[in-house]
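Heads up: the structure comes next, in C-alpha cells.
The values are calculated or read from the model by the stated rules, or taken from the named source; none is laboratory data. Every value quoted in this text rests on a predicted model; they were computed, and no experiment measured them. Glycine gets a Cβ as well: all are built from the backbone with ideal geometry, and neighbour counts include every protein chain shown.
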C-alpha cells in the first residue's frame with residue numbers, strides 16, 4: 001500500500017465529553033463518508049431528470065441517478081454551446097442549474113463542459129465576423145461562469161485545441177477564430193475570461209490528443225502565463241484498452257508540468273472493439289453495439305487496473321468515466337449499467353475499489369486520556385461514539401479535539 | 001507566369017555615355033548573374049577539400065565543387081558539435097572557415113548547421129551537470145556565431161526540437177537539458193545567445209516533423225518572443241515523394257505564421273524507395289543502395305515539380321537539397337551527381353530551371369533617349385553595351401541611370 005501513501009493522512013483526535021472531560025476508553029466507529037479524490041462520471045441525465053415532464057421517464061432517470069450517486073462524488077454537466085443556447089439568448093440555464101444544485105446537495109462536485117469547442121458549437125454564430133464571434137465567445141464565458149459561481153467552480157474551459165484550427169469536417173465559428181488568432185492566443189483569451197469571472201475556479205484544458213503536440217501546446221501556454229489549474233486528458237478507448245505501457249507513458253510525459261492531471265473522459269467498453277483504422281471515433285456509425293458477457297468481464301478488469309494505476313499516481317486528482325450507461329455516445333456498451341439501468345460487473349468492480357479498498361471504515365476505541373489515532377484515505381469522516389457523532393475532514397495529518405454529545 | 005510575379009521586378013534604366021549624354025539606340029545585353037532566391041545544397045565537401053592533404057582527393061572534390069557551383073548560390077556547412085569539436089577546445093575552425101570564405105568568394109551564401117542538436121552531439125558534454133551543459137551550449141553558440149560573423153550570417157540555431165526531449169535512442173547531453181528546461185525555454189536561450197552574437201543573422205529553427213506538433217511549437221515560441229527569422233522544414237523523402245497534396249498542405253499550414261519558409265534538407269532519391277514502416281530513417285541500414293535509370297528519371301521529374309511549387313510560393317525563400325552526390329547519408333542515391341561526379345538527369349533538370357527558366361537573359365536596345373525597360377527575376381545583373389558594362393541589383397522595381405564606358 002506504500003504507493004497510496006499520498007492518498008492517506010493520519011488523525012490524532014481527542015474525544016471530549018460535553019463537560020470537557022476526556023471520553024476515555026470509549027468505542028469509536030470511524031467512517032469515511034466522502035473522498036477527496038474526484039471519482040466522476042458524466043451526469044447529463046441529471047439535467048434530463050430536471051427537464052422532463054414525463055413522470056415515468058423521471059422515475060427511470062431517478063433510479064439511474066441513485067445508482068450513479070452510490071458510486072461517484074463528482075459529475076460533469078453539459079455546456080455545449082449549440083445545445084445550451086440553441087437560439088441566441090435562449091439557454092438551458094433552468095434545468096442545468098437545477099441539476100447542478102441537486103448534485104451539490106448530494107455532495108457531488110460539478111464540472112461544466114466545455115466553454116469553448118469547435119464541435120457542437122452554436123450554428124447561429126456563423127453569421128458574425130470573427131471579431132464578433134470572439135467577443136460573443138468571451139461574453140458567453142463571462143455570463144455562464146458568473147451565473148454558476150458557487151455551484152459550479154470547475155470548468156473545461158477549452159476542448160481539443162490541438163485539432164481546433166485544422167478541424168475540417170465542417171465549417172464552424174470556433175475553428176474560424178482559432179485559425180485567425182492561433183491556438184495560444186485563443187486559449188489565453190478564453191482562460192482570462194473564465195479566470196476574471198471566477199478567480200477561485202479550477203480551470204482545465206482538455207484534449208484527446210496525448211501526443212507531443214499536446215505537450216508542446218501546454219509548454220507554450222504555460223510559458224505564455226495561461227492560468228491552467230489542471231491538465232485534462234481524454235481516454236476514450238473504444239479501440240481497445242491503452243494498457244499499462246501507454247498509460248504509464250502518458251502519465252510520465254504529462255507529469256513533467258507538475259500540474260494536477262484529470263482523466264476527464266474515460267471510456268472502456270464491454271463489447272467488440274472498434275477497428276484501429278478509424279481515426280475520428282465519430283466516423284464509426286453502427287445500428288447497435290451489443291455488450292457481451294466476456295466483454296463485461298474484460299471491461300471490469302480493465303477499469304480496475306486503470307483506476308488503480310491512476311489512483312496511485314501522485315498528480316492525478318480526478319477520473320471521470322464518460323458514460324454512466326450503455327448506448328450513449330456512438331451507441332457503445334461503455335457504461336457501468338446497461339441501458340435498462342441493470343448494473344454490470346464494472347459497476348461492482350469500481351464500487352469495491354472506491355467504497356471498500358480505498359475507503360476507510362474502522363471500529364476503534366479512545367485510550368485512557370480520550371485519544372484516538374488512525375490513518376485513512378483523504379476525505380470527510382464521521383466519528384460515532386455512543387453518545388453522539390462528529391464530522392472530520394482528513395486532507396492532511398491533523399490533531400484535533402472533538403466535543404461530542 | 002503570373003504565379004512567379006513575386007519573384008520578378010522591373011527596371012527602367014537610362015544608359016549614359018561617359019560625358020553624361022544619353023546612349024541612344026544602343027544594343028544592351030541583359031544577363032542575370034545571380035538569384036535572390038537561395039538555391040542551396042549541402043557543401044560539406046568544401047570543408048573536406050580544404051582539409052585534405054591528398055592532391056588526388058582534392059582534385060576530385062574540386063571537380064565536384066565546380067559542378068556544385070554551376071548550380072547553386074547557397075551552401076550548408078556542418079557544425080555538428082561532436083564533429084566540430086570532438087575534444088573540448090579542439091575545433092574544425094580552420095578548414096570550416098576556409099571553406100566558408102572560399103564559398104563566399106564564389107558568390108555563395110553560407111549557412112551553419114546546427115548550433116544545438118541532440119544527435120551528433122559532443123560526448124564529452126555528458127560528464128557535466130545539466131546547468132554546466134547549458135552554459136557550455138550557450139558559450140559554444142557565442143563563440144561560433146561571433147567567430148564566423150560576416151562570413152556565415154545564417155544559422156540553423158536548433159534542430160529537431162519536437163522530438164528532442166523524448167529522443168530515446170541513446171542518452172545525450174542535449175536531450176537531458178531539453179527535458180529539464182522544456183522545449184520552449186531551451187529554444188529561447190539558444191536563440192537569445194545567437195541573436196546577441198550576431199544581431200543581423202538569419203536565425204532558423206529546423207525540424208523534420210511537419211505535423212501539428214511543430215506548428216504548435218512555433219506558436220508557443222513566437223508567443224514567447226523568440227526571434228525566429230525563418231521556419232526550417234526538412235523534407236527527406238527516402239520513403240517516396242510527398243506529392244502535391246502533402247506539399248501544399250505543409251505550405252498552407254506553415255504559411256499562417258507569415259514568416260519566410262526555408263526547405264532546409266530536401267531529399268528525393270533515384271533508387272528503390274525505403275519501406276514505409278521505417279520510422280527513424282537512420283534505422284534503414286543497407287550495404288548498397290543503387291541508383292536506377294527509371295529512378296533517375298523519376299527523381300528528375302519529382303525535383304522539377306517540387307522546386308516549381310516551392311519557387312512559386314510567396315513565402316519560400318530557400319530550398320536546400322541535402323546531398324550533392326549519391327552515397328552520402330544512408331548510402332542513398334540522393335544526389336545530383338553519382339559518387340564518381342558524373343551528372344544525373346536531376347542535375348540537368350534543375351540546371352534548366354534555375355539557369356534557364358528562372359533566369360533572365362535578354363538582348364535589348366535603348367530608345368532615342370537612352371532608356372531601357374525590362375523585367376526579370378530578382379537577383380544581380382550585368383548590362384553590357386558595346387563600350388562597357390555595369391552591374392545592377394534587381395530586388396524590387398527600380399529606376400536608375402548608369403554611366404557606362
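Would you call residue B:38 without any contact (Cβ under 8 Å) to a residue 24 or more places away in the chain and crowded, with 17+ Cβ neighbours inside 10 Å? Walk me through it before giving the result.
Details: without any contact (Cβ under 8 Å) to a residue 24 or more places away in the chain: no; crowded, with 17+ Cβ neighbours inside 10 Å: yes.
Taking the combined requirement at face value, the residue does not satisfy it.
Could you list, in sequence order, all residues of region A:335-350 that are buried (at least 17 other Cβ atoms within 10 Å of the Cβ) and part of a helix (DSSP H, G or I)?
A:345, A:346, A:347, A:349, A:350
Of the numbered conditions (1) in a loop (DSSP other than H, G, I, E, B); (2) at pLDDT below 95, residue B:282 satisfies every one except a single condition; which is it?
Going through the list (1) in a loop (DSSP other than H, G, I, E, B); (2) at pLDDT below 95, residue B:282 breaks only (1).
Could you please find all residues in region B:12-68 being under 29 Å from the mean Cα position of the chain (by Cα) and part of a loop (DSSP other than H, G, I, E, B)?
Looking only at region B:12-68, we keep the residues that are under 29 Å from the mean Cα position of the chain (by Cα), and these are B:30-68.
Matches in region B:12-68: B:36, B:37, B:43, B:52, B:53, B:54.
If you scan region A:273-294, which residues turn out to be touching a helix residue (DSSP H, G or I) at 6+ places or on another chain (Cβ under 7 Å) and over 26 Å from residue A:167 (Cβ atoms)?
A:288
Restricting attention to region A:1-31, report how many residues are crowded, with 16+ Cβ neighbours inside 10 Å and either under 21 Å from residue A:303 (Cα atoms) or in contact with a helix residue (DSSP H, G or I) (Cβ under 9 Å, 6 or more places away or on another chain) (or both).
So the count comes out to 1.
Of the residues that sit in region B:170-208 and are surrounded by fewer than 20 Cβ atoms within 10 Å (Cβ to Cβ), closer than 18 Å to residue B:119 by Cβ and out of contact with any helix residue (DSSP H, G or I) (no Cβ under 8 Å at 6 or more places or on another chain), which one is nearest to the other protein chains (Cβ to nearest Cβ)?
By that ranking, first place goes to B:208.
Name the residues in region B:146-165 that are in contact (Cβ under 8 Å) with a residue 24 or more places away in the chain, surrounded by fewer than 17 Cβ atoms within 10 Å (Cβ to Cβ) and within 12 Å of residue B:200 (Cβ to Cβ), would you? Working first, answer last.
The first filter runs over region B:146-165 and keeps only residues in contact (Cβ under 8 Å) with a residue 24 or more places away in the chain, leaving B:146-149, B:151-164.
Within this subset, residues satisfying the condition of being surrounded by fewer than 17 Cβ atoms within 10 Å (Cβ to Cβ) are B:146-147, B:149, B:151.
Once the filter is applied, which keeps residues that are in contact (Cβ under 8 Å) with a residue 24 or more places away in the chain, surrounded by fewer than 17 Cβ atoms within 10 Å (Cβ to Cβ) and within 12 Å of residue B:200 (Cβ to Cβ), region B:146-165 yields only B:149.
If you go through region B:146-169, how many residues are under 21 Å from residue B:124 (Cβ atoms) and more than 13 Å from chain A (Cβ to nearest Cβ)?
Result for region B:146-169: 4.
Just the residues that are crowded, with 21+ Cβ neighbours inside 10 Å and more than 15 Å from the chain's Cα centre (by Cα), please, taken from region B:307-334.
Correct list: B:325, B:326, B:332, B:333, B:334.
Which of (1) within 22 Å of the chain's Cα centre (by Cα); (2) over 15 Å from residue A:163 (Cβ atoms) does residue A:189 not meet, given it meets every other one?
The number of the failed condition is (1).
Would region B:307-321 turn up any residue that is at pLDDT below 95 and in a loop (DSSP other than H, G, I, E, B)?
Filtering region B:307-321 down to residues at pLDDT below 95 leaves none.
Looking for residues that are at pLDDT below 95 and in a loop (DSSP other than H, G, I, E, B), one finds none in region B:307-321, hence no.
Scanning for something surrounded by 16 or more Cβ atoms within 10 Å (Cβ to Cβ), touching a residue at least 60 places away in the same chain (Cβ under 8 Å) and away from chain A (no Cβ under 14 Å), does region B:121-143 turn up at least one residue?
Within region B:121-143, none of the residues are surrounded by 16 or more Cβ atoms within 10 Å (Cβ to Cβ), touching a residue at least 60 places away in the same chain (Cβ under 8 Å) and away from chain A (no Cβ under 14 Å).
Check B:405, B:376, B:368, B:396 and return the single one that is surrounded by 13 or more Cβ atoms within 10 Å (Cβ to Cβ) and more than 30 Å from residue B:65 (Cα to Cα).
Numbers: B:376 fails: more than 30 Å from residue B:65 (Cα to Cα); B:368 fails: surrounded by 13 or more Cβ atoms within 10 Å (Cβ to Cβ); B:396 fails: surrounded by 13 or more Cβ atoms within 10 Å (Cβ to Cβ).
From the options B:405, B:376, B:368, B:396, the qualifying one is B:405.
What are the residue pairs meeting all of these: first residue in region B:63-80, first residue within 14 Å of residue B:50 (Cβ to Cβ), second residue assigned to a loop (DSSP other than H, G, I, E, B) and at pLDDT below 95, Cβ atoms under 6 Å, and 6 or more apart or on different chains?
Final answer for the pair search is none.
Among A:245, A:219, which is the only one that is surrounded by fewer than 16 Cβ atoms within 10 Å (Cβ to Cβ), within 14 Å of another protein chain (Cβ to nearest Cβ), on the phi < 0 side of the Ramachandran plot and not in a strand (DSSP E or B)? It would help to see each step written out before you state the result.
Numbers: A:219 fails: surrounded by fewer than 16 Cβ atoms within 10 Å (Cβ to Cβ).
Testing whether each residue is surrounded by fewer than 16 Cβ atoms within 10 Å (Cβ to Cβ), within 14 Å of another protein chain (Cβ to nearest Cβ), on the phi < 0 side of the Ramachandran plot and not in a strand (DSSP E or B) leaves just A:245.
Suppose we filter region A:187-201 for residues that are touching a strand residue (DSSP E or B) at 6+ places or on another chain (Cβ under 9 Å) and in a loop (DSSP other than H, G, I, E, B); how many remain?
Of the residues in that region, 2 qualify.
Is one or more of the residues making up region B:254-263 outside any loop (DSSP other than H, G, I, E, B) and within 14 Å of chain A (Cβ to nearest Cβ)? Even if it seems obvious, please write down each step before you answer.
Pass one, region B:254-263, residues outside any loop (DSSP other than H, G, I, E, B): B:254-255, B:261-263.
Narrowing further to those that are within 14 Å of chain A (Cβ to nearest Cβ): B:254-255.
Looking through region B:254-263, at least one residue is outside any loop (DSSP other than H, G, I, E, B) and within 14 Å of chain A (Cβ to nearest Cβ).
Tell me, please, whether a residue that is closer than 30 Å to residue B:344 by Cα and touching a residue at least 60 places away in the same chain (Cβ under 8 Å) can be found in region B:94-102.
no
Quick one: would you say residue B:225 is more than 14 Å from chain A (Cβ to nearest Cβ), farther than 13 Å from residue A:216 by Cβ and over 21 Å from the mean Cα position of the chain (by Cα)? Lay out the reasoning, then the answer.
Values: more than 14 Å from chain A (Cβ to nearest Cβ): no; farther than 13 Å from residue A:216 by Cβ: yes; over 21 Å from the mean Cα position of the chain (by Cα): yes.
No.
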